[in-house]
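The values are calculated or read from the model by the stated rules, or taken from the named source; none is laboratory data. Bear in mind the structure is a predicted one, so any value in this text is a computation, not a measurement. In this analysis, Cβ positions are derived from the backbone assuming ideal geometry, glycine residues included, and neighbour counts consider all displayed protein chains. Side chains included, ligands, DNA and RNA excluded: accessible areas come from the protein's heavy atoms. Shrake-Rupley method; radii C 1.70, N 1.55, O 1.52, S 1.80 Å.
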Amino acid sequence: MAFSIVVMAIIGAILAVVNFKTWKSIPKSDLTRSRLLEGNLLRILGSVSVTTIWAISMYALYVYLGAALYSENRFSSSEIALAVTFFGVGAVLGSLTSGQLTDKFGERKISKATLIFLTLVLICLGIFFSSGDSIYFFLFIWALVGYAGFTSYQVRLAVEYPKERGIVMAWNNTALYIGITIGSMIGGYVISIWGYSQLPYVCSIAAIASFVLSTQKVKEKKNQLFQ
């Protein structure tokens, strides 16, 4: 374990040097984006907050998935590993298929549709969470729909913020990590009060909140809040 941490630290240091050298070579004017944010700050924050709430809907349960499967289904270590594998395969396929669906139907339609389906899947997951082997299927669908939505929403942000794309993508990643952190905290609180069985339902509430937020429209500058 200690050796792994040392190796990661060394790699991180190397990447930090490479990153510094790379950005240092770019003219300062290209790095200054403050003018692009004028009048759009709240709009951008509102847009990336959709990602934060989406992350809560995914990770409030996922962080505690192993413990929840043991508590509600008495799964063994190998069964928990298999469940996580189903989730992982669903996440990969969701990310891959999202691009094709987005190209065909448009990023706004797919990002909103997947959030609706995510809400329904989480409710079903709550209903059937203690049903044994069928949980594998629902974990697969949960990840498939969830990560398809995340990928399409990233495309949506890139389309809606062509001039601020780099900044918005960076903020969106930050919003993701904030959501994971908050989701973990909410998940722990829910478990302590109501137990593992209620986690999917709490996640479904976050998913529908993310959908509602994503449907809000706003013009650029000072007129409204989202696009």
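Residues in the stretch 127-167 that are more than 22 Å from residue 94 (Cα to Cα) and crowded, with 22+ Cβ neighbours inside 10 Å: 161 alone. The residue of the stretch 93-120 that is farthest from residue 67 (Cα to Cα), among those that are in contact (Cβ under 8 Å) with a residue 40 or more places away in the chain and β-branched (Val, Ile, Thr), is 102.
Within the stretch 140-163, the residues that satisfy the criterion of being closer than 25 Å to residue 195 by Cα and out of contact with any Ser or Thr (no Cβ under 9 Å at 6 or more places or on another chain) are 140, 141, 142, 143. Of the residues making up the stretch 157-193, those that are over 19 Å from residue 53 (Cβ atoms) and of a type in the set (D, E, K, R) are 163, 164, 165.
To keep it simple, each residue is scored yes or no on (1) touching a residue at least 40 places away in the same chain (Cβ under 8 Å); (2) in a helix (DSSP H, G or I); (3) open to solvent by 30 Å² or more (accessible area, probe 1.4 Å); (4) in contact with a Cys (Cβ under 6 Å, 6 or more places away or on another chain).
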residue: 53; (1), (2), (3), (4): yes, yes, yes, no
residue: 58; (1), (2), (3), (4): yes, yes, no, no
residue: 70; (1), (2), (3), (4): no, yes, yes, no
residue: 87; (1), (2), (3), (4): yes, yes, no, no
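Being among the hydrophobic types (A, V, I, L, M, F, W, C) and free of Cβ contacts under 8 Å to residues at least 40 places away in the same chain narrows it down to one residue among 138, 211; which is it? Give the derivation first.
Working: 211 fails: free of Cβ contacts under 8 Å to residues at least 40 places away in the same chain.
The conditions single out 138.
Is it true that residue 102 is modelled with pLDDT under 95, open to solvent by less than 20 Å² (accessible area, probe 1.4 Å) and at negative phi? For residue 102, the condition - modelled with pLDDT under 95, open to solvent by less than 20 Å² (accessible area, probe 1.4 Å) and at negative phi - is met.
Condition test on residue 123, is it surrounded by fewer than 18 Cβ atoms within 10 Å (Cβ to Cβ), touching a residue at least 40 places away in the same chain (Cβ under 8 Å) and within 17 Å of the chain's Cα centre (by Cα)? When the stated conditions are applied, residue 123 does not pass them.
Within the stretch 169-204, if we keep just the residues that are under 15 Å from the mean Cα position of the chain (by Cα) and among the aliphatic types (A, V, I, L, M), the residue that is least open to solvent (accessible area, probe 1.4 Å) turns out to be 175.
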